[in-house]
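Where a number appears in this text, it was derived from the coordinates with a stated rule and is not lab data. Quick caveat, the model's predicted, so the values are computed rather than measured. Cβ: placed from backbone, ideal geometry, glycine included. Neighbour counts: every protein chain shown.
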Amino acid sequence: MKAAFPYPTLFGDVSLDVTAVSVDGTALPYSHVSKIEQTVALHQTGREKWEIATLHLAAKLPEDELSEGPWVDPVCLAVLTEKATNARSTTRLTRARDGSWHGSIDLARARHLNRASLALTVVAGLDDVTGRFIGTSEKPWFVDLKVSTPVRQRDIEIVEIDFREGPYEWLRPFKESPWIIETSGDIPTVYLNTGAVEGLVDALHGAGGGADEKMLRELTASQIAQDAWTAMFHTAISDLDIDEDGTPQMPAGWREAVVRMMLPDVLPGRQLTDALYDINERRTKGFGWSELQTSVQHAAGRRSQITKKLTNAVRSVQRQSEAVADES
């Protein structure tokens, strides 16, 4: 949804392009930058330890509209953010004689964790008020520190790390949890605690093994998936945009996919728009929200196929019990 403002804003397209990337002064291979995907991949750049990635930028604004409109002293700002670390960097682009805008912005590796978002914001003076927002690029670029191929869409990130002894201090309060789900970033992340249950991560990676090991692997994977679906759904509906008549708008990115897949099971028999309105009313006003959690759990269980895996586990245990009884 495009936000409405009580003053004139740019109607024409505002675009941002990453023209080149350098890592500690050395040019990044072209294969790590995709203009189609609008993604930069910073993993396996040829140097294991690096400090600064510099993104060289070019922007285009609707120049005719800008020159003929009521705005004064327009400014182009490139904004680099990452929700997971609360990092934010801003740089001002320079306007060339031909009307194009150019500049660069640095990404400090020490300030980022997984995937940063790069967007363009246009501000200008209007009605004696400076710095008013008048435009933005439609889609952000992603700068991904975890992948070597610049792919925009990822399903979910899995990070294996020791919560107690690892480098992320924010995980230490959860040192006794075998896993946690983090959904504040652009990609949902499952953190598997390598120090909580000895052998659990190895069991999850296993492909063979006996019936007991296979049962453990499938049940654990299903439980993680159920927790992930539940967390992603709650995040997806926690901050919906609302239009002028109070109708909640479908979120973007992975949040949209989660809502579309989960909502028919949470509120069955409803049109998607009606269901979205209903669940937003329950969440914001409180009525019926706690009762709805059973349906959320049910929907997450269906997505993770936990009933099927549990049924197979119970049957396996029964067969083993019957075999032991026959032997005796």
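The calculated P(r) of the range 145-270, using every Cα pair and 5 Å bins from 0, goes 2, 9, 16, 17, 17, 15, 12, 6, 3, 1, 1, 0 in percent.
Give, to the nearest whole percent, the P(r) tail of the chain beyond 24 angstrom, counting all Cα pairs. Above the 24 Å cut-off, the chain has 66 percent of its Cα pairs. Each residue of the range 168-178 was assigned a 3J(HN,Hα) from its phi angle through the Karplus curve 6.51 cos²θ - 1.76 cosθ + 1.60 (θ = phi - 60°); the sequence is 9, 5, 5, 8, 4, x, 9, 4, 8, 8, x Hz, with glycine and proline shown as x. Per the Debye calculation on the range 103-165 with a single equal scatterer at every Cα and no solvent contribution, log₁₀ I(q)/I(0) for q = 0.15, 0.21 Å⁻¹ amounts to -0.70, -1.01.
Amide H to amide H, with H built 1.01 Å from N, residue 28 comes under 5 Å of 21, 22, 23, counting only residues 5 or more places away or on other chains. Dividing the Cα radius of gyration of the range 15-144 by 2.2 N^0.38 Å, with N the residue count, gives 1.12. Computed from Cα atoms, the angle from the helix 272-285 axis to the main principal axis of the chain rounds to 90 degrees. Amide hydrogen proximity for residue 136: with H placed 1.01 Å from N in the peptide plane, the residues at 5 or more positions away or on another chain lying under 5 Å are 122. Residues 294, 194, 189, 91 in ascending order of nearby Cβ atoms (within 10 Å, fewest first): 294, 91, 194, 189.
In degrees, nearest 10, range 0 to 90: what is the angle between the Cα axis of helix 306-327 and the longest Cα principal axis of the chain? The angle comes out near 20 degrees.
May I ask you to sort 177, 290 by Cβ crowding, counting other Cβ atoms within 10 Å and putting the fewest first?
The most exposed by this proxy come first: 290, 177.
For residue 101, the amide hydrogen comes within under 5 Å of the amide hydrogens of 59, 96, counting only partners 5 or more places away or on other chains and with H modelled in the peptide plane. Within the range 225-294, the chymotrypsin sites (Phe, Trp or Tyr not before Pro) that combine a DSSP coil assignment with at most 11 other C-beta atoms in a 10 angstrom radius are 287. Rounded to whole Å, the principal axis extents of the Cα atoms in the range 81-128 read 37, 27, 12, largest first.
Helix 253-266 and the long axis of the chain differ in direction by around 40°, with both axes built from C-alpha atoms.
Convert 4 °C to kelvin, take the viscosity as 1.567 mPa s, use the Kirkwood radius over C-alpha pairs of the range 206-307 as Rh, and evaluate the Stokes-Einstein diffusion coefficient in µm²/s, rounded to a whole number. List each step's numbers first, then the result.
On the way: Rh = 14.8 Å.
The estimated diffusion coefficient comes to 88 µm²/s.
Computed over the alpha-carbon pairs of the range 1-74, the distance histogram in 10 Å steps reads 15, 35, 21, 21, 8 percent, short to long.
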